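The values are calculated or read from the model by the stated rules, or taken from the named source; none is laboratory data. For clarity, every value in this text was computed on a predicted model and none was experimentally measured. Because the Cβ atoms are built from the backbone with ideal geometry, glycine has one as well, and the counts that use them run over all protein chains shown. For accessibility, only protein heavy atoms count, side chains too; no ligands or nucleic acids. Shrake-Rupley method; radii C 1.70, N 1.55, O 1.52, S 1.80 Å.
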Amino acid sequence: CDPVYFTFVCTSFIHLWLCVSAEEERKVKANDRDYVCVPKSHFCCIPMNFIFFSLILVQSNCIMTSKYNMLTFLPVNLFEQFQEVANTYFLFLLILQLIPQISSLSWFTTIVPLALVLSITAVKDATDDYFRHRSDNQVNNHQSQVLIRERWMNVRVGDIIKLENNQSVVADLLLLSSSEPHGLCYIETAELDGETNVKVRQSVSVPAELGDPNNLATFNGEVVCEPPNNKLDRFCGTLYWRDKKYPLTNQNMLLRGCVLRNTEACYGLVIFAGPDTKLMQNSGRTKFKRTSIDRLMNTLVLWIFGFLVCMGVILAVGNAVWEKEVGSLFQSYLPWDPPVDNFLFSAFLSFWSYVIILNTVVPISLYVSVEVIRLGHSYFINWDRQMFCSQCNTAAEARTTTLNEELGQVEYVFSDKTGTLTQNIMSFNKCSINGQAYGKGTSREKNTERSKRLDFTPFNPLANPDFCFYDEKLLESVKVGDWHSHEYFRLLSLCHTVMSEEKSEGELVYKAQSPDEGALVKAARNFGFVFRSRTPGTITTTELGRTVTYSLLAILDFNNIRKRMSVIVRNPAGRIRLYCKGADTVLLERLHPCNQELMTITSDHLNEYAADGLRTLALAYRDVSEEEWEVWSESHRSADKAVDCREDRLAAAYDKIEQDMMLLGATAIEDKLQEGVSETIALLSLANIKVWVLTGDKQETAVNIGYSCKMLTDDMMEVFTISGRTVQRQEGDGVAGDDQLQGSPCPLPPTYLMDNISGEFGLIINGHSLAHALEADMEVEFVSTACACKAVICCRVTPLQKAQVVELIKKHKKAVTLAIGDGANDVSMIKSAHIGVGISGQEGIQAVLASDYSFAQFRFLQRLLLVHGRWSYLRMCRFLCYFFYKNFAFTMVHFWFGFFCGFSAQTVYDQFFITLYNIVYTSLPVLAMGIFDQDVPDHRSLECPKLYEPGQLNLLFNKKEFFICIAQGIYTSVVLFFMPYAVLSNATQSTGVPLADYQTFAATTATALVIVVSVQIALDTGFWTVINHVFVWGSLGLYFTIMLALHSQTLFRIFPKQFHFVGCAQSTLLQPVVWLTIALATAICIVPVLAFRFLKLDLKPQLSDTVRTHLCVSVAITTVIPRYFAVCLSIHDFADFFGALFKGNSPIRSIFLCEILRNSCFFFS
Amino acid sequence: MMASSYNAKDEDGHHSGSVSHGGAGTAKSKKPDNTAFKQQRLPAWQPILTAGTVLPAFFVIGLIFIPIGIGLYVTSNNIKEFEIDYTGVNVDSPCYTCANNFSWNSTTSCSCTVNFTLEQPFENNVYMYYGLSNFYQNHRRYVKSRDDRQLNGDATALKDPSNDCEPYRKIGVETIAPCGAIANSLFNDSLELYYVEPSGALNAVPLAKKGIAWWTDRNVKFRNPAGVDLPTAFKGTAKPVNWRKPVYELDPSDPDNNGFINEDFIVWMRTAALPTFRKLYRIIHKNQSSTSTLPSGRYVLNITYNYPVLSFDGRKRMILSTISWMGGKNPFLGIAYITVGSICFFLGVVLLIIHHKYDTRSNSADIPN
């Protein structure tokens, strides 16, 4: 707990009353817990207290993220679990089983698996909830200094709270006063948006006397503000105090989750508490993503359910016929059960009985097993050392555990550029000042052109030694006092929102919100214009060794629409000047006409820089006269105080003064490409994954990056560029663009020919054109054009457009999409794609928080998709195929038996076997296969990206594969029933006792089943680790052990009724005929499968099979050199021996020799 | 030959270069452990279906199955079996009158005699079975209609058997022992076999009635309730509806074969899996003096016809059979083995031809590297 320095006594309790009706605004009164807040329409609310009493909620700061407590856990959790259709279905079965006339199985055959599934889920839920409880408790019991000492959870809206340095903010607070000068306080928002730089917040400017805590106790201001929402960067409200109005903005707010830095103490009024805080409002449930396999699985389960009903109907009809023809005559030995008086009723009951015994075709353990497998795959992703970034000490993380197999099916990758393809480490590289270009070489050219790195230290003691610049001309021009150069760097040192921290004299640390800004301020610092510190009203710099303090009149914020920021400062001499920096597109439009010539030169430079892949900004200034300032500041103030449309009005005010500016120059910042980006993109495109780059950068920059990461190549037949500058022109341009495409040397064929164009095309489209292309009428055309191109780059796109593009492909292509990005602007795209990947890089963790997978470097994407995704898909498909197969093989035996037992729903197996089959005897080997199987090793799938294709085409598990599995399962069940039937019906033991009794038959069929499915899993498993061996052999061993135990005399003596199979295991398993039957059944089941698999492999080998075969030969050569001759010779001998039977000389030998030679060359090289 | 190997990949070389700094200095590296398990590098056996593995497998299966099949077939053919249907469906069959006049209620038993001839002598022990057809001993309601606790001699279950026995649970206030439909429908024909000497005299063949049930059934599963003697032990219980005599009079001559542990009863209680079944009835032990247990010649089967099956179109048979190591006559198993073995061999040959003719191995040489 935090120490409490003094306790404030506040006797008035604060309650916030909320009306249940839709809230339009909220009112909070300081130090008054009884103040009632209601919608505007009921403003005269105080007398109506009692009327509203019952409708009204008390708002405390207590946060409950946990779902259960000790008492409610069982009922609530069970209730939640039974909302799953599958669980309810099994509950329904359980109820059916309790009716004696229907019950064909004892209740425990259903309740044991059901209980197991429910308890596994319950344990998982309970652990999750326990951790939530713990963190809730921890958070809620934090001490906070309200005016009275309180725990966090007891803080109420309207309280005034004291915060100290390095404390977390309890609730959303309105900053009232701060210990720092000018009512400033500094916060870090890492927990909110992941940005680690310190931001500044300012207390409400007017109640200056509130600095004294005693005054605070009597403060009774009233706040009217917007209702709770999740917008982190916006707050709108008004403070009413002593008949005056004060506008409130986000600048005055301390949000829950922030940490106070560099500030001794501050006081805040709680505006939103508990679940109303912006932090909690933001932690809403993310959209639940499902994989295509999931959806397919659900459909299939429905089909199986339909199949089950059909089987039930067929058998019920059979029962009706049997009871009428045979059963009615057989009544002298077997009378109908009392309620049954005719064959139709008997058939009706028999339907339900069969639903019970055939229910194992709808596998209860399927969903649990799938979850377990996915969890395993997620852990493998987390554990992968090759996806670990040692520079930033970050391992890859699978944040969602339910999407793994979809990673093996991705067709489209949408990538952000900055921070994703590039490192997002900015360096000031080139500049253009007053038409003069400075700076040589980007990092790519540097090696060829070795120029001297500038040494700033003799010139400027405050310079940062890490800074590199390669053109001494610029330093010269600063030294000689070139006015434009000075003004240029002055602008860079003043126009920004960077915070500085000066630990000791001259040791400056800048904390910038964006790396670009940091790079610019750092550049100015090295060229002698050192930004030292700021207050809300001033900026202090050291200009060429001279300390200057500017008074800061206004900051005209940056935002995505304005794409520029400005400051208005008054220099010590009293002159007011506006400095503006921003995107060239917006800034060049606002220049004074006299800049025409300079603008042309600078534009050329800008284009040049952009072509080098540099990020550019244009810089301009404007002198503002005193009168003009007065007028403007008045309009600004009124806009600032506006309650509605405040932002629009502010933007209009800003717009008014950012006119007729004088151009100073331009900056060019290099953002280096990440390691391995071009290789990764090349590999992904070889794997038939289309990579689209969606970036907010300029077209030229984007194109350049496209070339440098080898998305665009010179081999491309044509790179189409669609760019319209304004929306109005775009109408025509879009069509013109199309016409142009038609008329280009390789005219783009009409849509229906798109599939078979041969050449490679690239497409570059900018935001304006994209907006047009995304309209309904152009949509289809855009998609087909874009998909025909090998590379697509969208530049100048907004975050919303990024998401729209993703949605477009999802809608029209039915393909699996993956979005990868690192910044807050990628969040929408990450959320709307099937799979979202976040790069944990420089721009905070918002993207990571929204993502399903996160890692530190773009190049890990190849491993995530081609290795982990591919394996996951393969494993999941093999798992599902086998799972359906084994359940059908198991269950359908009952169906065949029905024809021989009067359709009476008699089971073939012992009921313990039915209970344990799915959860003990056959679960582990298939789980091991689902978790550990590999067809080819990881490096092979990276070397051979074509291996990724089956996943994209969804070849390994689809409806066809499902039917094949089902058919195989049914075939197996036929063999498993009719072989014992044919053999045992007349067979006897060697003592003469017939073998055709029910128990022997049951034990024989069950044993044959377990052996057949074990052999089948052995065939399906391609990668036998120790664990697979243990599970497969262990399951078989376990089967026999459990069988012997269940059939033992001991258990029978205790429960004679349940364990009436006593002695069956021994007497059955000792009979040679039984074993001969099992061997026969196994051979009949497996031989056709073996033959089919071999034919498929031999005649139509999949790429993976080929790679695998080669690999094994090569590994045999590389690892077992002494043995390989023997090995290969034996292959030869065999092949040759049989080859000679049919034709003289087989080609096998030569091929093998070639292969061996190739591989040994490979090995020895 | 299994084209397989244990792969042991060397340490990932990609990383060693870039790790050099950072790892040592930082207090806690989050770098995942480099274990074979976590890095999915567990040594593994990777079998592949190649011509070298599959084709030999087919030939081996063929070569193993065919001899076994021949052996089984020969053995089965050496077993002598004789079967005769004595239901009495046809007018000219000896038991026709018994079959049509009989009902459960009649008090007098009906007898009939069936003559038959064994063409070949039966050596060693000969087993005598009765067979029933169209009798659904595997019907769900039938199978569960018993109380194993009662049959195991449990005193409480004797007086208050499980509800599964309904409607054969109680008569009035008395509980039925043994309860349930299975016991109630106990097969109660008695069969006697006479050898007709060449002289014409009837020579009774000695039929052993013990040793026909499972050892566990006889000694573990079925036990008489405790009591001074059987009638007291079963005091207060009623005989099953269809029975002529109470359970403790099943074999008054031998107390070890009476009550619940009567072997005929035990054999009946072991329900059959299929509607046509046979159950062991008696054993004719090999007699030391003569060469064959049942010499060839004429025999007379004397039937006390108590068990009606015609009502549900059932059939009753008497079967005599010798036995070998693999049990009774079972030609199917041998034929099945020969068939499967031949198919495997044939498949092997076909696959080999296909493999040679359409070998696509040459295409595989150009896998991308």
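For segment A:1043-1054, give me the residue count where each residue is among the hydrophobic types (A, V, I, L, M, F, W, C), surrounded by fewer than 15 Cβ atoms within 10 Å (Cβ to Cβ) and either facing chain B (nearest Cβ under 9 Å) or under 17 Å from A:D997 (Cβ atoms) (or both).
Residues of segment A:1043-1054 among the hydrophobic types (A, V, I, L, M, F, W, C): A:1043-1046, A:1051-1052, A:1054.
Cutting the leftovers down to surrounded by fewer than 15 Cβ atoms within 10 Å (Cβ to Cβ) gives us A:1044-1045, A:1054.
Imposing the further condition that a residue be either facing chain B (nearest Cβ under 9 Å) or under 17 Å from A:D997 (Cβ atoms) (or both) reduces the set to none.
Number satisfying all stated conditions: 0.
Can you pull out every residue in segment A:997-1029 that is open to solvent by 10 Å² or more (accessible area, probe 1.4 Å), touching a residue at least 12 places away in the same chain (Cβ under 8 Å) and either outside any helix (DSSP H, G or I) or within 14 Å of chain B (Cβ to nearest Cβ) (or both)?
Answer for segment A:997-1029, where residues must be open to solvent by 10 Å² or more (accessible area, probe 1.4 Å), touching a residue at least 12 places away in the same chain (Cβ under 8 Å) and either outside any helix (DSSP H, G or I) or within 14 Å of chain B (Cβ to nearest Cβ) (or both): A:Q999, A:V1015, A:A1018, A:L1019, A:D1020, A:I1027.
With the condition kept exactly as written, say whether any residue in segment B:331-344 is open to solvent by 10 Å² or more (accessible area, probe 1.4 Å), of a type outside the set (K, R), in contact with a Ser or Thr (Cβ under 8 Å, 6 or more places away or on another chain) and within 28 Å of B:I70 (Cβ to Cβ).
Yes, because at least one residue in segment B:331-344 is open to solvent by 10 Å² or more (accessible area, probe 1.4 Å), of a type outside the set (K, R), in contact with a Ser or Thr (Cβ under 8 Å, 6 or more places away or on another chain) and within 28 Å of B:I70 (Cβ to Cβ).
Closer than 26 Å to A:F1052 by Cα, within 9 Å of another protein chain (Cβ to nearest Cβ), among the hydrophobic types (A, V, I, L, M, F, W, C) and open to solvent by less than 20 Å² (accessible area, probe 1.4 Å) - does that describe any residue in segment B:183-202? Before the answer, list the steps.
Residues of segment B:183-202 that are closer than 26 Å to A:F1052 by Cα, as a first pass: B:183-186.
Cutting the leftovers down to within 9 Å of another protein chain (Cβ to nearest Cβ) gives us B:184-185.
Pick out the ones that are also among the hydrophobic types (A, V, I, L, M, F, W, C) and you get none.
The answer is no; no qualifying residue exists.
Scan segment B:32-47 for residues that are more than 7 Å from chain A (Cβ to nearest Cβ) and either open to solvent by less than 20 Å² (accessible area, probe 1.4 Å) or at positive phi (or both) and report the count.
0
Looking only at segment A:335-377, how many residues end up being open to solvent by 50 Å² or more (accessible area, probe 1.4 Å) and more than 10 Å from chain B (Cβ to nearest Cβ)?
So the count comes out to 12.
Consider segment A:679-720. How many of its residues are out of contact with any Ser or Thr (no Cβ under 8 Å at 6 or more places or on another chain), β-branched (V, I, T) and assigned to a strand (DSSP E or B)?
Count: 1.
Please find, within segment A:536-559, the residue that is most open to solvent (accessible area, probe 1.4 Å) out of those that are touching a strand residue (DSSP E or B) at 6+ places or on another chain (Cβ under 7 Å) and modelled with pLDDT under 85.
Among residues in segment A:536-559 that are touching a strand residue (DSSP E or B) at 6+ places or on another chain (Cβ under 7 Å) and modelled with pLDDT under 85, the one most open to solvent (accessible area, probe 1.4 Å) is A:F558.
Is there a residue in segment A:925-935 that is open to solvent by less than 30 Å² (accessible area, probe 1.4 Å), among the acidic types (D, E), under 28 Å from A:T360 (Cβ atoms) and in a loop (DSSP other than H, G, I, E, B)?
Checked against the condition, which is being open to solvent by less than 30 Å² (accessible area, probe 1.4 Å), among the acidic types (D, E), under 28 Å from A:T360 (Cβ atoms) and in a loop (DSSP other than H, G, I, E, B), segment A:925-935 yields at least one hit.
For segment B:131-149, does any single residue satisfy the condition of being modelled with pLDDT of 90 or more and more than 11 Å from chain A (Cβ to nearest Cβ)?
Yes: one or more hits.
State whether one or more residues within segment B:251-266 are of a type in the set (F, W, Y), in a helix (DSSP H, G or I) and more than 13 Å from chain A (Cβ to nearest Cβ).
Checked against the condition, which is being of a type in the set (F, W, Y), in a helix (DSSP H, G or I) and more than 13 Å from chain A (Cβ to nearest Cβ), segment B:251-266 yields at least one hit.
Going through segment B:166-182 one residue at a time, which ones are buried (at least 20 other Cβ atoms within 10 Å of the Cβ) and facing another protein chain (nearest Cβ under 8 Å)?
Matches in segment B:166-182: B:A181 only.
Take the residues in segment B:289-310 that are open to solvent by 20 Å² or more (accessible area, probe 1.4 Å) and under 20 Å from B:G88 (Cβ atoms); name whichever of them is farthest from the other protein chains (Cβ to nearest Cβ).
B:N302
If you check A:Y981 against the conditions, is it within 11 Å of chain B (Cβ to nearest Cβ), open to solvent by 50 Å² or more (accessible area, probe 1.4 Å) and hydroxyl-bearing (S, T, Y)?
Criteria met by A:Y981.
Which one of these does A:V1074 not meet: (1) buried (at least 21 other Cβ atoms within 10 Å of the Cβ); (2) facing chain B (nearest Cβ under 9 Å); (3) closer than 30 Å to A:P994 by Cβ?
(2)
Please work out which residue is farthest from A:V204 (Cα to Cα), limiting yourself to segment A:215-259 and to residues that are open to solvent by 40 Å² or more (accessible area, probe 1.4 Å) and of a type in the set (D, E).
A:D233
Given the structure, is A:L216 modelled with pLDDT under 80, closer than 25 Å to A:G518 by Cα and in a helix (DSSP H, G or I)?
It is false that A:L216 is modelled with pLDDT under 80, closer than 25 Å to A:G518 by Cα and in a helix (DSSP H, G or I).
Here are some conditions: (1) more than 7 Å from chain A (Cβ to nearest Cβ); (2) over 30 Å from B:S292 (Cα atoms); (3) part of a loop (DSSP other than H, G, I, E, B); (4) at pLDDT 85 or above. B:P94 meets all but one. Which one does it not meet?
It fails just one condition, (2).
Considering each of B:W325, B:W215 in turn, give the residue that is open to solvent by 20 Å² or more (accessible area, probe 1.4 Å), free of Cβ contacts under 8 Å to residues at least 40 places away in the same chain and of a type in the set (F, W, Y).
B:W215
Going by the conditions given, is A:Q968 in contact (Cβ under 8 Å) with a residue 24 or more places away in the chain and part of a loop (DSSP other than H, G, I, E, B)?
When the stated conditions are applied, A:Q968 does not pass them.
Return the residues of segment A:804-831 that are touching a Ser or Thr at 6+ places or on another chain (Cβ under 9 Å), part of a helix (DSSP H, G or I) and open to solvent by 10 Å² or more (accessible area, probe 1.4 Å); say none if nothing qualifies.
A:Q804, A:E807, A:K810, A:H812, A:N825, A:V827, A:K831
Failed condition for B:N163, given (1) surrounded by 14 or more Cβ atoms within 10 Å (Cβ to Cβ); (2) within 9 Å of another protein chain (Cβ to nearest Cβ), with all others met?
(1)
One residue is enough: does segment B:160-180 have a residue meeting the conditions modelled with pLDDT under 90, of a type in the set (S, T, N, Q) and farther than 22 Å from A:Y333 by Cα?
no
Only one of these is closer than 22 Å to B:Y281 by Cα, of a type in the set (K, R) and either in a loop (DSSP other than H, G, I, E, B) or in the same structural domain as B:Y299 (by the TED database) (or both): B:R223, B:R149. Name it.
Numbers: B:R149 fails: closer than 22 Å to B:Y281 by Cα.
From the options B:R223, B:R149, the qualifying one is B:R223.
As an exercise: evaluate A:T402 against (1) open to solvent by 10 Å² or more (accessible area, probe 1.4 Å); (2) not in a loop (DSSP other than H, G, I, E, B) and give the number of the one condition it does not meet.
Condition (2) is where A:T402 drops out.
Look through A:T394, A:T422, A:T442, A:T418 and report the one residue that is modelled with pLDDT under 85 and open to solvent by 10 Å² or more (accessible area, probe 1.4 Å).
Among A:T394, A:T422, A:T442, A:T418, only A:T418 is modelled with pLDDT under 85 and open to solvent by 10 Å² or more (accessible area, probe 1.4 Å).
So, in segment B:311-322, of the ones that are more than 28 Å from B:T75 (Cβ to Cβ) and facing chain A (nearest Cβ under 10 Å), which residue ends up most open to solvent (accessible area, probe 1.4 Å)?
By that ranking, first place goes to B:D313.
Of everything in segment A:288-334, what is loosely packed, with under 15 Cβ neighbours inside 10 Å and in a loop (DSSP other than H, G, I, E, B)? Give them in sequence order.
A:F288, A:R290, A:S328
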